[in-house]
Amino acid sequence: MKLGFPSSVLITLCMVQSFENSFVASFSSTYSTSFVSPKTILNSRNKFKIDTSLLDVVNTDNAESTEIVDRAPCFDGSCSSDPDEVVHDESSWVGEATTRLGDMTGPTVWTEFGRLSQENHISANLGQGFPDWVPPKFAVDSLVEAALDVAKSPHQYTRTAGHPNLVKRLAGRYSTHMDREIDPMGEVAVTIGASQALYLSLQTLIKPGDEVILFEPFFDLYVNQIKLAGGTPVYVPLTFVPYDESENAISGGEWVLEPENLEKAITPKTRTILINSPHNPTGKVFTQPEMEYIAKAVKMAGPQCVVLSDEVYKYIVHSPPAEQMVAEEEAQFSGQLQNPSLSCPGHIHFASLPDMWDRTITISSAGKTFSATGWQVGWCIGPKHLISPIHQIIPYVQFCASTVIQEALARALPKADEPYEGFSSYYDYLRAMYTRKRDLLGSALKSTGFAIPDYNLTPGGGFFIFARIGKDIAAAIPKERIMAKNIAAPGGIARQDWALCQWLVEEKGILCIPSSPFFSKERALAGASDEFVRIAFCKTDDTIKEAAQAFSILSEEGCKTTATE
């Protein structure tokens, strides 16, 4: 076998003179069968006049026909740039973390639908949960001010556990949320997004064999993070209760936590219960009684059980539980609610429940609230005995989250409490905006034939609608797509939810996300996720209107198909 190198690679290697000896040793041991010896490559450096313009192309011999390959997605599957032959046993090189992921290291729903979105014309991307508009002006201004602040110059490392200005802001706000004094230096940890906050929390809590309870459906990231920590996911299914339970009816409904299902999942190995409210993907807001069920289960599990409460959508409760709103209005009227702008109407901080502060790590971030998911600043709030281990592990994962972004957020937080766009605060504006977008998309979905929650009856939060597939829509899906092979789908099979979403993106230009990745593999293959798709409304009005137009065409096709059957 011969191993050749493009001329640009030869030139680049020649530039690295200081690494000649180490490169020769490593190269020789790895590519002993190559027809080009390392010495030949290194000695050839004098034969080339180095021109920096050559670094702009991958292959100078055939620059016009060569495409630059983004290798990042290749870690999720096979790439055209992968070698044709494998000349070694890779399984013997796999580390413990990769081994723990097992068969979940292949293509994912995100890589698959990311690929489909690039290969097809998309008129409406209602898939991934990121807003497609600029963050509010006060947030952007805060970023610019922080970046240009010559006096403070927040462009170097800051405190590892969190930028002092930011942890003080967060501690002040959560002191109000939790109705207790939060120590900014001991009970707050700043991370790179909420995902890392969850990762570090699990790493400090879980030992191999420990069990972590998830409410199903769940955000798919949770499962692999639990496995990376050596834990075992234990699934507690939420029960879908349709409004109309008559035979052959397809209606919306709500997802309910049944206490007996949670109690059955508790064992002596239960180390953590992971709760996400408002909930991704269903939009469910856990009610006060449900939160109390969970608190009871924590005590039942024993003193080792800790709750991880993912609250990234807490400022987007667009349909608050009625009983919660009554309680908050009474608190405000009686003067118990000192700063209304710091409240999160309809949201319950789990750690604020009786006896739960000492057993809860609260996780949140700025991305969803400020429409700035790329800022990647998250945090953990909790008692010192749970936060201190996170402080200890952070320096070994990264030295600190971005200093300038942390400083920008510290400046933006008090501005968000001020009147904004005719509302008493930015947070009030945010809820009103998402309520309007929810209704705009919801109207289009209902007209198409999807069944969605009735938000006058069912509490809701976040920016996803977990829509139920109606009969006309199901009839419109080409039959050959259902149960077709697809390596990225659970079990390698595209069931109805996956088939619909793939057909929509390839033929209709609408990107939605199938529900099956949000269920355990066993339940997805049993059909529990067949009837649902996740559709995002954190998009501009123009995007939602484009989607409405495309959905209307889909509805017409579905009706015609049903009529001919």
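Worth a mention:
- Of the residues SER251, SER309, the single one that is in a strand (DSSP E or B) and hydroxyl-bearing (Ser, Thr, Tyr) is SER309.
- Qualifying residue in the stretch 107-130 (condition: surrounded by fewer than 16 Cβ atoms within 10 Å (Cβ to Cβ), of a type in the set (Ser, Thr, Tyr) and either touching a strand residue (DSSP E or B) at 6+ places or on another chain (Cβ under 9 Å) or at negative phi (or both)): yes
- Yes/no for THR272 being assigned to a strand (DSSP E or B), modelled with pLDDT of 95 or more, closer than 30 Å to LYS137 by Cβ and among the polar types (S, T, N, Q): no
- Neighbours by Cβ (under 6 Å, 6+ apart or cross-chain): first from the stretch 303-319, in contact (Cβ under 8 Å) with a residue 12 or more places away in the chain; second part of a strand (DSSP E or B) and of a type in the set (A, V, I, L, M): VAL307/ILE273; LEU308/LEU274; LEU308/ILE361; SER309/ILE275; ASP310/ILE363
- Residue check, ALA524 part of a helix (DSSP H, G or I), among the aliphatic types (A, V, I, L, M) and surrounded by 24 or more Cβ atoms within 10 Å (Cβ to Cβ): yes
- Of all residue pairs spaced 6 or more apart or on separate chains, those with beta-carbon atoms under 6 Å, a first member in the stretch 168-181 that is outside any helix (DSSP H, G or I) and a second member that is open to solvent by less than 100 Å² (accessible area, probe 1.4 Å) are GLU181/SER175.
- A residue that is touching a residue at least 40 places away in the same chain (Cβ under 8 Å), open to solvent by 10 Å² or more (accessible area, probe 1.4 Å), of a type in the set (S, T, N, Q) and assigned to a loop (DSSP other than H, G, I, E, B) cannot be found anywhere in the stretch 346-359.
- Count of residues meeting criterion [out of contact with any helix residue (DSSP H, G or I) (no Cβ under 7 Å at 6 or more places or on another chain), open to solvent by 30 Å² or more (accessible area, probe 1.4 Å) and in a helix (DSSP H, G or I)] in the stretch 157-167: 1
- Tally of residues being under 18 Å from GLY374 (Cβ atoms) and modelled with pLDDT of 95 or more across the stretch 137-162: 10
- Residue count for the stretch 407-443, restricted to those that are open to solvent by less than 10 Å² (accessible area, probe 1.4 Å) and either free of Cβ contacts under 8 Å to residues at least 12 places away in the same chain or in a loop (DSSP other than H, G, I, E, B) (or both): 1
- Checked against the criterion of being under 27 Å from GLU418 (Cβ atoms) and not charged (D, E, K, R), the candidates ALA194, ALA189, ALA161, ALA249 yield just one match: ALA194.
- Hits in the stretch 446-466 (condition: within 13 Å of PHE551 (Cα to Cα) and hydrophobic (A, V, I, L, M, F, W, C)): PHE450
- Count of residues meeting criterion [open to solvent by less than 10 Å² (accessible area, probe 1.4 Å) and assigned to a loop (DSSP other than H, G, I, E, B)] in the stretch 373-406: 4
- The residues of the stretch 452-465 that are within 22 Å of CYS501 (Cβ to Cβ) and either in contact with a helix residue (DSSP H, G or I) (Cβ under 9 Å, 6 or more places away or on another chain) or part of a loop (DSSP other than H, G, I, E, B) (or both), listed by number, are ILE452, PRO453, GLY460, GLY462, PHE463, ILE465.
- Within the stretch 280-293, the set of residues being crowded, with 24+ Cβ neighbours inside 10 Å and either aromatic (Phe, Trp, Tyr) or in contact with a Phe, Trp or Tyr (Cβ under 7 Å, 6 or more places away or on another chain) (or both) comprises ASN280, PRO281, THR282, GLY283, LYS284, PHE286.
The values are calculated or read from the model by the stated rules, or taken from the named source; none is laboratory data. As the structure is a prediction and not an experimental result, all values here were calculated from the model. A quick note on method: Cβ atoms are made from the backbone with ideal geometry, for glycine too, and the neighbour counts reach across all protein chains shown. Keep in mind that these areas ignore ligands, DNA and RNA; they rest on the heavy atoms of the full protein, side chains included. Shrake-Rupley method; radii C 1.70, N 1.55, O 1.52, S 1.80 Å.
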